[in-house]
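The structure appears below as structure tokens.
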Amino acid sequence: MKLDSTKYVFVTGGVCSSLGKGVSTASVALLLKSMGYKVNIVKIDPYLNVDAGTMSPYQHGEVYVTFDGGETDLDLGTYERFLNQRMYKVSSITAGKVYRNVIEKERRGDYLGQTVQVIPHITNEIKDLIKEARYVEGEEVDILFVEIGGTVGDIESVPFIEAIRQFSLEVGKRNTLFIHVTLLPYLSSSDEIKTKPTQHSVAKLRELGIQPDILICRSEKDFSKNEIKKIALFTNVEERAVIKSLNLDTIYEVPISYMDQGLDKTICDMLGIPYTPPNLSSLISKIELFKSLEDEITIAMVGKYVSLRDAYKSIYEALFHAGVENRVRVKVLNIESDKVSEKELEEILSKVDGILVPGGFGKRGIEGKIFSAKFARENNIPYLGICLGMQIMAIEFARNVCGLSEANSLEFDLKTPHPVISLLDEQKRVVFKGGTMRLGGQKVIIKENTIAYEAYLSKEVYERHRHRYEFNPEYIPSFEDSGMVFSGYSENGLVEIIENSNNAFMVGVQFHPEFQSSIFSPNPIFNAFVKAIVELA
């Protein structure tokens, strides 16, 4: 189904953050894609960072990496997982990127001596970046969804709200739709759902020149038709366009909930586009399968940022996908590697079915991770090391199997006599930190008759990277002599995958497989990891 020109759906948020705008946006986009429309999603973040690459995971959660090497907000991962399609750099717009572009143009003289101002120069740049995103892999999409980060009323988001107000006038109101995600708090003391915060949020949005067409109302408790009527009356929104968004067992049920309330039909009607029932049969069958699962496995995730779930959001989701594929529920036991002693760690790890060490930077908690890899190797517990987790696996193997007791990474010890992990050659000349790592999708060449080949069933795959350090090739012979298998290499010879041949499943990957996993297509390495745990349980 192809439209003559792109339609635009803008999603804003009100009352407070963390309402799930990303899930709501992805869910609505999935409904339209399931009708046969070609869609794309843009995330606008009003912070002044050019991208998310230099931020701590404690700030906004994990840094998600697109196939073309963009370091972005984690919401782009949500979009990919729901739509089962790639997002690209063009889908990430930040205030930093906007202001940088405008300042560069001013320095070149592009504005011909004008006074450069927020209106029109910043707002025009925002509109231009939105328009660029309507092309995906050389083809114009039918519907472009644009999620505005932050909360309506925040001072930093005002230029973006103004830009989309102008945008609607320029492309025509019949070609745009505004969805506002808001909160209906429940007060237990009075046993009431309160609509006033939503009324005030919409009033603020209208002050800025935007009347929402649809309200998605987040609430931890169901609310009645009377509340819907009240909200519609005081926000000037049709009753059919006031949508409940309640807590569900999984986020993947959200599109189904919206469809059951007729949101798909309402959107098509408001945009004036043909409606066909969305085909969500594959998603529904996955959810039904998940709800029928009774068996459970426990995986210890030994990391640095486990106190914030969003710091490893893609890993949790990839484990969920692999669990459904292997017909088992996956319980993740988070362990902050620098907060527990070796004795405590040993006691915890002795009770789990698998161990995962994720990526990270810096030396905090490293010894706890190395102990975890050692425990997995000595007790034949399935182990998956991702990026830093692969390097941890290599350091532990060097120290305790190859006899290189002082082996380490140059990231943690510049004076180590055995730098089994060293800086990539191209990184030695790097000065600026932002956007300068080895980033994005890279070809991985896989050896046959290995765990990796059995997982991927292919000699060549593409996986996404985000790192500065690599396995030092000088140590390959001694590792191989001790039983380590190097099962994956990059095109230019960098080590990508290592496997301990003495264990049932002990695999380290330099890339981030979690960035290429969806409920429709679980990542092969995660699938193999969970499968190995199930078979050993």
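The values are calculated or read from the model by the stated rules, or taken from the named source; none is laboratory data. Since we're looking at a predicted model, the values are computed, not measured. Here the Cβ positions follow ideal geometry from the backbone for every residue, glycine too, while neighbour counts run over all protein chains shown. Just so you know, the surface numbers come from the protein's heavy atoms only, side chains and all, with ligands and any DNA or RNA stripped out. Shrake-Rupley method; radii C 1.70, N 1.55, O 1.52, S 1.80 Å.
Scanning the stretch 208-227 for residues that are open to solvent by 60 Å² or more (accessible area, probe 1.4 Å) and part of a loop (DSSP other than H, G, I, E, B), we see that the one that is nearest to E162 (Cα to Cα) is E220. Residues that are surrounded by 15 or more Cβ atoms within 10 Å (Cβ to Cβ), touching a helix residue (DSSP H, G or I) at 6+ places or on another chain (Cβ under 8 Å) and not polar (S, T, N, Q) within the stretch 228-244 comprise I228, I231, A232, F234, V237, R240, A241, V242, I243, K244, listed in sequence order. In the stretch 513-537, of all residues being aromatic (F, W, Y) and open to solvent by less than 20 Å² (accessible area, probe 1.4 Å), the one that is farthest from R466 (Cα to Cα) corresponds to F529. Restricting Y275, Y186 to residues that are in contact (Cβ under 8 Å) with a residue 12 or more places away in the chain, of a type in the set (F, W, Y) and in contact with a strand residue (DSSP E or B) (Cβ under 7 Å, 6 or more places away or on another chain) narrows the list to Y186.
Y316 satisfies every condition listed in (1) assigned to a helix (DSSP H, G or I); (2) at pLDDT 95 or above; (3) open to solvent by 40 Å² or more (accessible area, probe 1.4 Å) except (3). Taking the condition touching a residue at least 60 places away in the same chain (Cβ under 8 Å), part of a strand (DSSP E or B) and not aliphatic (A, V, I, L, M), does E156 pass? No; evaluated as a whole, the condition is false for this residue. Applying the criterion of at least 2 residues that are modelled with pLDDT under 95 to the strands (runs of 3 or more DSSP E) found wholly in the stretch 421-512 leaves 438-446, 460-467, 469-471.
For the stretch 260-277, taking the residues that are in contact with a Lys or Arg (Cβ under 8 Å, 6 or more places away or on another chain) and part of a loop (DSSP other than H, G, I, E, B), the one that is surrounded by the fewest Cβ atoms within 10 Å (Cβ to Cβ) is identified as G272.
Entry remark, the stretch 57-80: residues being assigned to a helix (DSSP H, G or I), open to solvent by 10 Å² or more (accessible area, probe 1.4 Å) and either under 11 Å from I41 (Cβ atoms) or in contact (Cβ under 8 Å) with a residue 12 or more places away in the chain (or both) number 5 in total.
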